[in-house]
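Okay, structure first, notes after.
The values are calculated or read from the model by the stated rules, or taken from the named source; none is laboratory data. Just so it is clear, the structure is predicted and the values come from calculations on it, not from any experiment. All Cβ positions, even for glycine, are placed from backbone atoms using ideal geometry, and neighbour counts span all protein chains on display. Ligands, DNA and RNA are stripped out before the accessible areas are found, and what is left, the full protein with its side chains, is counted by its heavy atoms. Shrake-Rupley method; radii C 1.70, N 1.55, O 1.52, S 1.80 Å.
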Amino acid sequence: MNELTRHFSTIFDNNFDELRSINEFIYNNPELGHQEFKACSILIDSLKKHGFEVTKNFCNIPTAFMGRYKSGNSGPTIAILAEYDALPGIGHGCGHNAFATTSIAAAIIIKDMMKDINGELLIIGTPAEETSGAKVEMANLGVFNNVDIAMAAHPTGEMHERSGHSQAMEALQFTFKGKTAHAAGNPYEGINALDGVILLFNSVNALRQQTYETARIHGIISNGGKAANIIPDLAVANFYVRANSLEYLKELVTKVKNCAKGAAIATGTQLVIENYETSFADLITNKELSNLYEKNLRSLGVTDIRDSKPSGSTDMGDVSHCCPTIHPYFPLCTSHLTGHSVEFANATIQPEAYKGIKEAAIAMALTAFDIYTDKNTLNKIKEEFNDNIKS
Ligand SMILES: [Zn+2]
Ligand SMILES: [Zn+2]
């Protein structure tokens with residue numbers, strides 16, 4: 001361990017009580033997307049205490065924030081992103097309390113070393129990752145266009161995982177409208193909206209044979225009628241459609257919409273198609289940046305680093321289309337954890353969780369140091385980003 005790493009480790013240890021209380025406070029006060037007022041407030045207080053200039057209500061999103069620290073003359077701008085939304089029923093089953101704690105820890109460590117550095121550090125609080133994904137709106141507003149690199153580390157079980165790939169996703173709602181009638185007495189006078197939904201599911205199931213293996217189309221019937229003796233005049237299905245690229249997602253969404261249109265024609269129903277949540281772009285990991293993070297993680301003595309398994313979609317994808325981005329995973333424990341579970345939530349506040357939190361925070365800080373001080377490395381990262389965006 002070199003002197004810089006030892007120094008970073010000391011800063012983490014000196015701030016440990018505060019970091020643990022942030023982690024436990026957010027765990028004990030789980031808030032759903034766009035309701036994360038308590039989490040937002042404790043994170044802002046901490047950043048202010050550590051000398052960051054903080055913008056509340058960032059991008060006009062009430063539970064978003066941006067902490068900023070600028071040092072010396074102009075230099076690279078690095079953004080660390082923090083998530084802190086919970087899940088209904090299972091609290092922090094995705095571990096976003098530990099996510100936010102790691103981001104704050106990294107920000108405190110980086111800021112401390114910036115005295116002799118030219119550059120800017122942003123720590124951006126991004127609400128509602130589990131639902132409407134505030135990063136999408138921020139990306140659309142150009143927040144990441146002048147950022148040189150963006151990083152965020154997510155908790156998991158077992159071991160560190162490299163930043164990988166996430167799927168582009170669109171959330172589609174299909175509303176079929178028909179006409180009620182007595183289901184036994186005069187069904188021939190009704191128009192069955194539920195049949196529209198059922199045909200949609202059957203058509204999508206037929207479509208699956210002609211999609212790439214990586215495609216995911218999954219849905220529920222959120223309204224299937226009121227009573228078995230009434231022909232339903234309204235039936236609604238919610239779907240997520242996912243693909244490995246935005247281009248293929250577009251193609252797939254058209255096909256799924258056509259399944260619904262066919263179902264509406266076949267049943268004589270009226271069809272309305274809407275997006276019921278924000279769509280996410282695919283995550284493009286910047287390999288150069290990811291390798292740099294991995295080198296720094298290994299310098300801390302971490303040896304077991306694996307590729308991350310594909311795991312749905314994240315709004316970090318949209319960030320990765322604006323600037324070089326990584327989204328690695330760090331372990332909360334040495335055993336396997338199922339995402340979105342109570343066991344996962346419990347693991348975030350156990351003493352052993354802080355080992356992974358500390359490793360990820362220091363690896364991000366060392367990566368920031370490399371970016372601020374080594375122009376060549378940043379140039380290579382940017383070259384890769386430009387090549388990816390062009391292709
Ligand atoms: Zn999640
Ligand atoms: Zn998550």
Are any residues in region 1-28 closer than 22 Å to residue 66 by Cβ and of a type outside the set (A, V, I, L, M), and if so, which ones? 15, 18, 23, 25
Search result, residues across region 212-243 that are small (Gly, Ala, Ser) and crowded, with 16+ Cβ neighbours inside 10 Å: 215, 219, 225, 235, 237, 243
Testing residue 141 on (1) among the hydrophobic types (A, V, I, L, M, F, W, C); (2) within 16 Å of ligand 1 (Cβ to nearest atom); (3) open to solvent by 20 Å² or more (accessible area, probe 1.4 Å), one condition comes back false. Which one is that? (2)
Please work out which residue is nearest to ligand 2 (Cβ to nearest atom), limiting yourself to region 76-88 and to residues that are surrounded by 24 or more Cβ atoms within 10 Å (Cβ to Cβ) and not aliphatic (A, V, I, L, M). 83
Under 8 Å between Cβ atoms, which residue pairs at least 6 apart in sequence (or on different chains) link something in region 36-60 that is closer than 21 Å to residue 86 by Cβ with a partner that is hydroxyl-bearing (Ser, Thr, Tyr) and crowded, with 19+ Cβ neighbours inside 10 Å? 36/63; 36/84; 37/63; 39/63; 39/84; 40/63; 40/84; 43/84
Being surrounded by fewer than 19 Cβ atoms within 10 Å (Cβ to Cβ), closer than 15 Å to residue 280 by Cβ, without any contact (Cβ under 8 Å) to a residue 12 or more places away in the chain and not assigned by TED's automatic domain parsing to the domain that holds residue 319 is the requirement here; does residue 247 meet it? yes
Tally of residues being of a type in the set (D, E, K, R) and under 24 Å from residue 134 (Cα atoms) across region 267-302: 3
Residue under evaluation residue 199, criteria (1) closer than 23 Å to residue 272 by Cα; (2) open to solvent by 30 Å² or more (accessible area, probe 1.4 Å); (3) without any contact (Cβ under 8 Å) to a residue 60 or more places away in the chain, criterion not met: (3)
Counting only residues that are in contact with a helix residue (DSSP H, G or I) (Cβ under 6 Å, 6 or more places away or on another chain), give me the strands (runs of 3 or more DSSP E) lying completely in region 194-297 with at least 3 of them. 234-243
Matching option when the condition is more than 16 Å from ligand 2 (Cβ to nearest atom), at negative phi, in contact with a strand residue (DSSP E or B) (Cβ under 7 Å, 6 or more places away or on another chain) and modelled with pLDDT of 95 or more, among 123, 117, 109: 123
Got at least one residue in region 324-332 being touching a helix residue (DSSP H, G or I) at 6+ places or on another chain (Cβ under 8 Å), of a type outside the set (A, V, I, L, M) and more than 15 Å from residue 160 (Cβ to Cβ)? yes
Selection over region 89-138 where residues are closer than 26 Å to residue 20 by Cβ, open to solvent by 10 Å² or more (accessible area, probe 1.4 Å) and either within 16 Å of ligand 1 (Cβ to nearest atom) or among the aromatic types (Phe, Trp, Tyr) (or both) yields a count of 6
Can you find a residue in region 13-32 that is closer than 28 Å to residue 381 by Cβ and either open to solvent by 10 Å² or more (accessible area, probe 1.4 Å) or not hydroxyl-bearing (Ser, Thr, Tyr) (or both)? no
Given (1) in contact (Cβ under 8 Å) with a residue 24 or more places away in the chain; (2) open to solvent by 60 Å² or more (accessible area, probe 1.4 Å); (3) of a type in the set (S, T, N, Q), residue 205 misses just (1)
Is it true that residue 8 is over 21 Å from residue 127 (Cβ atoms), out of contact with any Leu (no Cβ under 6 Å at 6 or more places or on another chain), among the aromatic types (Phe, Trp, Tyr) and surrounded by 14 or more Cβ atoms within 10 Å (Cβ to Cβ)? yes
Here is a list: 172, 200, 141. Which entry is in the same structural domain as residue 259 (by TED's automatic domain parsing) and closer than 30 Å to residue 83 by Cα? 172
Kindly indicate whether residue 268 is surrounded by fewer than 16 Cβ atoms within 10 Å (Cβ to Cβ), more than 29 Å from the chain's Cα centre (by Cα) and among the small types (Gly, Ala, Ser). yes
Please state which of the following conditions residue 170 fails to meet, knowing it meets all the rest: (1) assigned to a strand (DSSP E or B); (2) in contact with a helix residue (DSSP H, G or I) (Cβ under 8 Å, 6 or more places away or on another chain); (3) open to solvent by less than 20 Å² (accessible area, probe 1.4 Å). (3)
